[in-house]
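First up is the structure itself, then whatever we jot down about it.
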Amino acid sequence: MASTATQSYKDISVIARKRRDTNIAAYFQPPKVDEASLPNNLTEHALNSGYYTSEERTILESEAEEILQNVASKKWTALEVAKAFCKASAYAQELTNCVTEVLYPEAYQRAQYLDDYLAKNGKTVGPLHGLPISLKDCFVTPPHPSSIGMSPYANEPTDSETVLVTMLRDLGAVFYVKTNVPTAMMMAESINHVWGETRNALHKGLTPGGSSGGEGALIALKASPLGVGTDIGGSIRIPAAFGFQYGLKPSYGRYPSWGGKTGITGQEFILAVNGPMSRSLKSLEIYSEALLSEQSAPWNRDHKCLPIPWRKNVIQPPGRKLRLGLVGNNDGLVHCHPPVERALNVTKEKLEAAGHTVIPWAPKNHDVIAKNLVAAFFDLGGSAIVDMVKPHDEPIFPSMKGYEMAAQAKEIGVTQMRQMVVKRNELQKQYLDYWMTGAPDGQPLDGIIMAVAPHAAPRLGGTQPDLYVGYTGVWNLLDFCACTFPVLFADRSLDKARDSKTFKQLSDIDGRIQADYDAEFYHGAPVSLQCVGKRLEEEKVLEMTAAIAQALKA
């Protein structure tokens with residue numbers, strides 16, 4: 001049922017949660033969670049719980065490439081694969097609260113169709129035949145609602161499918177769940193007043209990040225081999241990093257985006273993009289190659305999608321050593337926590353040992369870019385978000401108070417909007433010039449490596465007083481592409497807190513974020529970094545990330 005203007009967000013939430021829980025219970029009864037006995041690592045707990053058969057566990061621990069091969073060769077059926085991931089998603093919901101909409105009936109029906117097609121025709125329907133793909137809540141799958149964590153949308157049926165969803169289904173994908181996000185997808189932790197808070201599968205005291213946090217938690221729990229998220233300020237990279245995964249933020253226009261739900265309708269000053277997330281880098285390549293092929297041709301379905309088919313072996317000659325800028329332990333405004341700094345140092349050492357050139361890279365204008373990004377979000381999103389939730393008495397979270405203040409202020413005018421565009425364009429051109437000539441030898445970089453966030457992953461609620469997305473958001477304003485990669489886990493014996501007597505903070509928020517670090521509490525937190533490429537260099541970014549991953553394994 002569609003929510004009415006008189007319905008309280010609390011009543012709306014009850015209806016939405018009941019729908020989800022009933023739809024799960026019709027298929028699965030996962031073990032009830034005993035909080036007192038749960039370890040920090042929920043992923044290991046789930047895999048060793050006895051909930052899965054050995055066959056199911058084998059399927060869940062397989063990456064996309066193996067799943068596709070086994071379904072195509074008829075070693076596994078698409079239906080048994082779909083059932084395994086549906087079953088896992090039910091337990092993931094119990095453990096982390098990561099699921100919003102449940103698509104099990106469609107998943108079973110679609111998987112059976114794929115099995116019948118393969119049996120009858122002796123070939124697959126496409127390159128993603130039988131691959132379960134989880135979707136962030138903003139991708140529209142009629143008739144299911146796309147609440148994006150907002151009460152007015154939570155029980156409202158949809159009727160027009162997102163282009164990407166249609167295309168992935170045509171390629172053979174099986175959709176089975178949609179996943180939780182923060183309110184309007186505008187926070188770095190996944191909490192809202194409709195579905196509640198999602199927690200990190202690898203450390204239950206930490207957030208999985210946002211806004212694609214439900215995806216991050218589900219994938220980390222091995223309840224999804226591949227998910228699709230969106231990114232406007234770090235919303236793919238933050239959850240991918242906090243879930244020890246690879247997550248690709250492309251440049252705008254590379255992947256089809258038409259028909260998705262957005263938190264700030266009509267806002268195109270900072271362009272939202274979508275991209276894949278997975279524990280496997282190869283899965284991102286398989287997804288991109290299938291979706292952006294000449295045959296798939298998304299540019300014929302989405303008028304803003306650029307006609308650039310996926311390219312292979314773009315780094316020439318093959319195997320050549322890379323020139324990588326490395327942003328150190330701060331971005332000019334905020335320092336990272338000790339385990340993140342260790343990850344940067346380890347990555348530098350491993351890359352140099354593998355023969356790559358690593359150049360210390362000053363974060364020139366990163367603080368200015370970050371401030372312009374956040375100001376734009378507030379100015380352009382204030383009334384768009386607040387006016388939607390206010391009729392339902394939905395409270396505003398502390399880290400979103402800037403939207404509330406902007407909604408109460410006079411709306412920005414045409415002149416201010418033009419000035420914002422001029423400033424953004426200047427920052428974009430200046431950074432491209434810096435990239436091409438800013439190294440000591442005046443030669444351009446291949447890529448930049450830097451942290452994804454100040455924290456390995458913040459504690460639950462940790463970003464509410466101090467939300468900081470400068471490490472990721474800078475690349476959104478510049479429209480550069482980037483991919484996360486896992487490095488290490490925080491270690492209480494190696495990652496001691498900084499000495500408060502000698503530490504010099506760069507800003508008030510820097511001081512508060514550093515004061516939050518507790519080596520004991522953060523022990524075991526996943527630490528990932530990001531590799532950045534210039535605009536529309538998605539293939540190169542994945543190839544560079546593969547080279548970095550290879551160096552880290554050595």
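Applying the criterion of being within 24 Å of the chain's Cα centre (by Cα) and without any contact (Cβ under 8 Å) to a residue 60 or more places away in the chain to the residues of the range 105-147, the residue that is farthest from residue 160 (Cα to Cα) is 144.
Close contacts from the range 424-438, counting a first residue that is assigned by TED's automatic domain parsing to the domain that holds residue 365 and a second that is surrounded by 13 or more Cβ atoms within 10 Å (Cβ to Cβ) and among the hydrophobic types (A, V, I, L, M, F, W, C), with Cβ to Cβ under 6 Å and a gap of 6+ residues or different chains, come to 427/369; 428/478; 431/478; 435/445.
The set of residues from the range 357-372 being without any contact (Cβ under 8 Å) to a residue 40 or more places away in the chain and in a helix (DSSP H, G or I) comprises just one member, 371. Between 270, 238, the distinction of being β-branched (Val, Ile, Thr) and closer than 30 Å to residue 47 by Cα belongs to 238 only.
Within the range 165-190, the set of residues being assigned to a loop (DSSP other than H, G, I, E, B) and over 14 Å from residue 92 (Cβ atoms) comprises 171, 172, 173, 181, 182, 186, 187, 188, 189.
Considering every residue within the range 138-153, establish whether at least one is in a helix (DSSP H, G or I), at pLDDT 95 or above and buried (at least 24 other Cβ atoms within 10 Å of the Cβ). Even if it seems obvious, please write down each step before you answer.
In the first step, residues of the range 138-153 are kept if they are in a helix (DSSP H, G or I); the result is 151-153.
If we keep only those that are at pLDDT 95 or above as well, we get 151-153.
The next check asks that each one be buried (at least 24 other Cβ atoms within 10 Å of the Cβ); those that pass are 151.
Taking every residue of the range 138-153 in turn, at least one turns out to be in a helix (DSSP H, G or I), at pLDDT 95 or above and buried (at least 24 other Cβ atoms within 10 Å of the Cβ).
Within the range 98-125, being out of contact with any helix residue (DSSP H, G or I) (no Cβ under 6 Å at 6 or more places or on another chain), assigned to a loop (DSSP other than H, G, I, E, B) and more than 23 Å from residue 219 (Cα to Cα) holds for 122, 123. Would you confirm whether or not the range 41-63 contains a residue that is among the small types (Gly, Ala, Ser) and under 25 Å from residue 191 (Cβ atoms)? Yes, because at least one residue in the range 41-63 is among the small types (Gly, Ala, Ser) and under 25 Å from residue 191 (Cβ atoms).
When the helices (runs of 4 or more DSSP H) confined to the range 452-554 are screened for residues that are free of Cβ contacts under 8 Å to residues at least 24 places away in the same chain and surrounded by fewer than 24 Cβ atoms within 10 Å (Cβ to Cβ), those reaching at least 3 such residues are found at 508-515.
In the range 59-80, of all residues being surrounded by fewer than 16 Cβ atoms within 10 Å (Cβ to Cβ) and under 25 Å from the mean Cα position of the chain (by Cα), the one that is farthest from residue 125 (Cα to Cα) corresponds to 61.
How about the range 480-512: which of its residues are in contact with a Cys (Cβ under 9 Å, 6 or more places away or on another chain) and hydrophobic (A, V, I, L, M, F, W, C)? Hits for the range 480-512 are 482, 483, 485. Within the option set 389, 368, being surrounded by 18 or more Cβ atoms within 10 Å (Cβ to Cβ) and either small (Gly, Ala, Ser) or out of contact with any Asp or Glu (no Cβ under 6 Å at 6 or more places or on another chain) (or both) holds for one residue only, 389. Screening residue 15 against (1) buried (at least 21 other Cβ atoms within 10 Å of the Cβ); (2) under 30 Å from residue 152 (Cα atoms) leaves a single unmet condition, (1).
In this structure, does residue 173 turn out to be modelled with pLDDT of 95 or more, over 20 Å from the mean Cα position of the chain (by Cα), surrounded by 24 or more Cβ atoms within 10 Å (Cβ to Cβ) and among the aliphatic types (A, V, I, L, M)? Spell out how you get there, then give the answer.
Values: modelled with pLDDT of 95 or more: yes; over 20 Å from the mean Cα position of the chain (by Cα): no; surrounded by 24 or more Cβ atoms within 10 Å (Cβ to Cβ): yes; among the aliphatic types (A, V, I, L, M): yes.
Judged against the criteria, residue 173 is not a match.
Taken over the range 191-248, residues that are of a type in the set (Gly, Ala, Ser), assigned to a loop (DSSP other than H, G, I, E, B) and more than 13 Å from the chain's Cα centre (by Cα) amount to 4. Looking across the range 260-280, the residues that are surrounded by fewer than 22 Cβ atoms within 10 Å (Cβ to Cβ) and touching a Cys at 6+ places or on another chain (Cβ under 8 Å) come down to 260, 262. Can you tell me which residues in the range 299-341 are closer than 26 Å to residue 543 by Cβ, of a type in the set (D, E, K, R) and either part of a loop (DSSP other than H, G, I, E, B) or out of contact with any Gly (no Cβ under 9 Å at 6 or more places or on another chain) (or both)? Within the range 299-341, 302, 304, 311, 312, 320, 321, 331 meet the criteria.
May I ask you to verify whether residue 135 is crowded, with 24+ Cβ neighbours inside 10 Å, of a type in the set (A, V, I, L, M) and outside any helix (DSSP H, G or I)? When the stated conditions are applied, residue 135 passes them. Look at the range 401-413: where a residue is in a helix (DSSP H, G or I) and a partner is loosely packed, with under 12 Cβ neighbours inside 10 Å and not basic (Lys, Arg), sitting 6+ places away or on another chain with Cβ atoms under 9 Å, you get 407/387.
The values are calculated or read from the model by the stated rules, or taken from the named source; none is laboratory data. Computed from a prediction, not measured in an experiment: that's the story for all the values here. Note: ideal-geometry Cβ built from the backbone for every residue, glycine included; neighbour counts use all protein chains shown.
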